[in-house]
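Student: Below are the structure tokens for one structure; questions will follow.
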Amino acid sequence: WSVFEELNREREVQEEPLFANPRNAASGTLKMQDSKVVAARKLESSVYYLMGERLPSDSHFENMELARKWGLNVSATMKKCCSLEEVFEFLKYWDVARKSLSVATDGVVLKVDSLSQQRNLGSTSKFPRWAIAYKFNAEKALTRLESVTYQVGRTGAVTPVANLEPVLLSGTTVKRASLYNEDAILALDLHIGDRVYVEKGGEIIPKITGVDKEARFLIGDKVRFVTRCPDCGTPLVRNED
């Protein structure tokens with residue numbers, strides 16, 4: 001997160017559009033042709049699986065430990081559990097401890113350790129049958145909607161962004177949240193000054209999930225989607241696809 005926040009501070013100084021989250025920043029960086037810019041963004045990768053015909057061990061865990069010894073970046077939080085009780089304890093522990101990690105995480109991947117059993121279980125057209133993702137409940141916070149601004153993407157799409165009273169959420173200070181589109185604004189019936197509930201979708205993207213309407217005094221203007229491009233003033237056309 002610290003590298004991501006530093007990158008956004010630099011972009012803000014240079015008056016460039018801010019990245020919404022680390023995932024988008026990494027994805028966009030990998031598509032760039034300028035290797036110097038890519039190197040300057042300090043991306044890191046983690047190895048989570050070894051594939052090959054002659055792997056050292058039939059144990060996924062042992063292979064990952066070997067990968068670590070070879071100098072590859074392997075998560076230090078990985079653990080081999082030998083009972084359901086150990087699995088439940090692991091999940092319970094990281095539901096709390098994850099907030100102290102330097103990266104965002106929204107869950108734990110549980111895998112069958114034996115590679116032979118993995119092959120026997122096989123995969124569907126989309127997912128392996130020998131692994132499953134356990135998702136933590138998203139943490140929520142209550143804060144105030146201060147304003148709404150609009151960002152223009154490279155394709156010309158206009159995205160509303162909620163500017164919030166800073167609030168601590170999942171270990172980071174949240175000041176902005178995506179409102180996605182006009183339909184999301186209408187569904188929430190947002191007014192400037194509203195007390196809003198914020199959570200991180202997948203522990204990465206801040207989003208407004210609701211409004212505390214009992215705390216509303218209707219002193220703020222109703223949020224309405226802009227009708228003209230905030231950059232050039234061209235009338236906007238809604239894409240219904």
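Student: Give ILE219, ILE192, ILE208, ILE185 a once-over and let me know the one that is closer than 20 Å to ARG144 by Cβ and surrounded by fewer than 12 Cβ atoms within 10 Å (Cβ to Cβ). Steps first, please.
Tutor: On the way: ILE192 fails: surrounded by fewer than 12 Cβ atoms within 10 Å (Cβ to Cβ); ILE208 fails: surrounded by fewer than 12 Cβ atoms within 10 Å (Cβ to Cβ); ILE185 fails: surrounded by fewer than 12 Cβ atoms within 10 Å (Cβ to Cβ).
Being closer than 20 Å to ARG144 by Cβ and surrounded by fewer than 12 Cβ atoms within 10 Å (Cβ to Cβ) holds for just one of ILE219, ILE192, ILE208, ILE185, which is ILE219.
Student: Only one of ALA40, ALA76, ALA97, ALA104 is farther than 27 Å from PHE136 by Cα and among the aliphatic types (A, V, I, L, M); which? Even if it seems obvious, please write down each step before you answer.
Tutor: On the way: ALA76 fails: farther than 27 Å from PHE136 by Cα; ALA97 fails: farther than 27 Å from PHE136 by Cα; ALA104 fails: farther than 27 Å from PHE136 by Cα.
Result of the check over ALA40, ALA76, ALA97, ALA104: ALA40.
Student: OK, next. With the requirement that a residue be within 20 Å of TYR49 (Cβ to Cβ), surrounded by fewer than 16 Cβ atoms within 10 Å (Cβ to Cβ) and over 19 Å from the mean Cα position of the chain (by Cα), what does segment 91-113 give you?
Tutor: LEU110
Student: Looking at this structure, is LYS213 surrounded by fewer than 16 Cβ atoms within 10 Å (Cβ to Cβ), closer than 26 Å to TRP94 by Cα and of a type outside the set (S, T, N, Q)? Spell out how you get there, then give the answer.
Tutor: Details: surrounded by fewer than 16 Cβ atoms within 10 Å (Cβ to Cβ): yes; closer than 26 Å to TRP94 by Cα: no; of a type outside the set (S, T, N, Q): yes.
So LYS213 fails the test.
The rows are residues; the columns are (1) assigned to a loop (DSSP other than H, G, I, E, B); (2) at pLDDT below 95; (3) farther than 28 Å from PRO22 by Cβ; (4) assigned by the TED database to the domain that holds PHE19.
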residue: GLN151; (1), (2), (3), (4): no, yes, no, no
residue: GLY156; (1), (2), (3), (4): yes, yes, no, no
residue: VAL161; (1), (2), (3), (4): no, yes, no, no
residue: VAL167; (1), (2), (3), (4): no, yes, no, no
residue: ARG176; (1), (2), (3), (4): no, yes, no, no
residue: ILE208; (1), (2), (3), (4): no, yes, no, no
residue: PHE217; (1), (2), (3), (4): yes, yes, yes, no
residue: ASP231; (1), (2), (3), (4): yes, yes, no, no
residue: ARG238; (1), (2), (3), (4): yes, yes, yes, no
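Student: Now for a separate question. If I ask for residues that are in contact with a Pro (Cβ under 9 Å, 6 or more places away or on another chain) and either in the same structural domain as ARG23 (by the TED database) or small (Gly, Ala, Ser) (or both), which ones from segment 102-142 would you list?
Tutor: ALA104, GLY122
Student: Now, a different point. So for segment 187-198 (the condition being part of a helix (DSSP H, G or I), within 30 Å of TYR134 (Cα to Cα) and without any contact (Cβ under 8 Å) to a residue 60 or more places away in the chain), does at least one residue qualify?
Tutor: Within segment 187-198, the first condition is being part of a helix (DSSP H, G or I), and the residues that meet it are 187-188.
Still in the list and also within 30 Å of TYR134 (Cα to Cα): 187-188.
Of the ones still in play, those that are also without any contact (Cβ under 8 Å) to a residue 60 or more places away in the chain are 187-188.
Within segment 187-198 (the criterion being part of a helix (DSSP H, G or I), within 30 Å of TYR134 (Cα to Cα) and without any contact (Cβ under 8 Å) to a residue 60 or more places away in the chain), the answer is yes, since at least one residue qualifies.
Student: Moving to a separate point now. THR234 fails exactly one of the following numbered conditions: (1) without any contact (Cβ under 8 Å) to a residue 40 or more places away in the chain; (2) hydroxyl-bearing (Ser, Thr, Tyr); (3) touching a Gly at 6+ places or on another chain (Cβ under 6 Å). What is the number of that condition?
Tutor: Among (1) without any contact (Cβ under 8 Å) to a residue 40 or more places away in the chain; (2) hydroxyl-bearing (Ser, Thr, Tyr); (3) touching a Gly at 6+ places or on another chain (Cβ under 6 Å), the lone unmet condition for THR234 is (3).
The values are calculated or read from the model by the stated rules, or taken from the named source; none is laboratory data. Note that the coordinates shown come from a computational prediction; the quantities given were computed from them, not determined experimentally. So basically every Cβ, Gly included, is an ideal-geometry build from the backbone, and we count neighbours across all protein chains shown.
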